[in-house]
Ligand SMILES: NC(=O)c1ccc[n+]([C@@H]2O[C@H](COP(=O)([O-])OP(=O)(O)OC[C@H]3O[C@@H](n4cnc5c(N)ncnc54)[C@H](OP(=O)(O)O)[C@@H]3O)[C@@H](O)[C@H]2O)c1
């Protein structure tokens, strides 16, 4: 199978590339600055033509178009919209609107841009799947004083951007259902990456192993859903 993935320089994106190559898949990997993505480059040495690395900034239309052009000569079976940023953890009295707009651009508009650009190649694929990495922190149902993972309140930019992403995914699921598109948002859990931090309980290997199982098992019947990395549905 042929995968396209954003944000593969580190963290979960890099681990997706590692595990997909290990199981024999082909990956078109997007990275903002490929020359600085050393771990990714080291995977390329053993992968031969099963890994191609392309520059990709999901906030930049021209970059997204160039990536789509480079990978669309053949069908893309699965697109993983992984790139994301956390933004500032501001409380209500200290909101930073420039930061919020930037986080929205990366986390909500970025996946939409990339999905739009790659949709023709995905619809020609064998599985026609687009998945987006979201967060439980964007769940309205779980946004209560008890919080998620012990975090309550704050993080307006991150929560709002991923909630907008979730709405975009649901809309795509409706718009492209008849063409066979299977799409979902997946919460990776709280994972040890730059976004998750050192206190996170889960390793990237375990999160990605779970998410790949969820992606493999997605069908048109459960398209449009919000899953965690173990395949449990998360309340909206
Ligand atoms: N870790 C967690 O606990 C957790 C929990 C819930 C959801 N998530 C989601 O999981 C996804 C992956 O995050 P992670 O934990 O692996 O974080 P990470 O280690 O910080 O990696 C983020 C990746 O996104 C890339 N990126 C940032 N801005 C970009 C842009 N404008 N264009 C293209 N790529 C960009 C980064 O590239 P550079 O190296 O160039 O900056 C990096 O490769 C994110 O969507 C995040 O919201 C993570």
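General remarks:
- Here 18, 50, 2 are screened, and the one residue that is more than 10 Å from the ligand (Cβ to nearest atom) and more than 22 Å from residue 64 (Cα to Cα) is 18.
- Meets criteria (under 17 Å from residue 134 (Cβ atoms), loosely packed, with under 14 Cβ neighbours inside 10 Å and out of contact with any strand residue (DSSP E or B) (no Cβ under 8 Å at 6 or more places or on another chain)) for residue 171: yes
- Filtered residues of region 124-135 (kept if surrounded by fewer than 21 Cβ atoms within 10 Å (Cβ to Cβ) and under 19 Å from the mean Cα position of the chain (by Cα)): 127
- Output for region 188-203, where each listed residue is within 6 Å of the ligand (Cβ to nearest atom) and outside any loop (DSSP other than H, G, I, E, B): 191
- Matching entry among 101, 121 (being more than 10 Å from the ligand (Cβ to nearest atom), surrounded by 15 or more Cβ atoms within 10 Å (Cβ to Cβ) and not in a loop (DSSP other than H, G, I, E, B)): 121
- Within region 1-94, helices (runs of 4 or more DSSP H) holding 1 or more residues that are surrounded by fewer than 18 Cβ atoms within 10 Å (Cβ to Cβ) and modelled with pLDDT under 95: 38-47
- Tabulated pairs, region 47-60, first more than 14 Å from residue 7 (Cα to Cα), second assigned to a loop (DSSP other than H, G, I, E, B), C-beta under 8 angstrom, 6+ apart or interchain: 50/24; 50/25
- Which listed residue is in contact (Cβ under 8 Å) with a residue 40 or more places away in the chain, surrounded by fewer than 21 Cβ atoms within 10 Å (Cβ to Cβ) and in contact with a helix residue (DSSP H, G or I) (Cβ under 7 Å, 6 or more places away or on another chain), from 208, 191, 185, 234: 234
- Flag if residue 185 is within 22 Å of residue 101 (Cα to Cα), within 11 Å of the ligand (Cβ to nearest atom) and touching a strand residue (DSSP E or B) at 6+ places or on another chain (Cβ under 6 Å): yes
- Here residue 26 meets each of (1) within 13 Å of the ligand (Cβ to nearest atom); (2) under 25 Å from residue 188 (Cα atoms) with one exception, condition (1).
The values are calculated or read from the model by the stated rules, or taken from the named source; none is laboratory data. Note that this is a predicted model, so its numbers are computed, not measured. Every residue, glycine among them, receives a Cβ derived from its backbone with ideal geometry; neighbour counts consider all protein chains shown.
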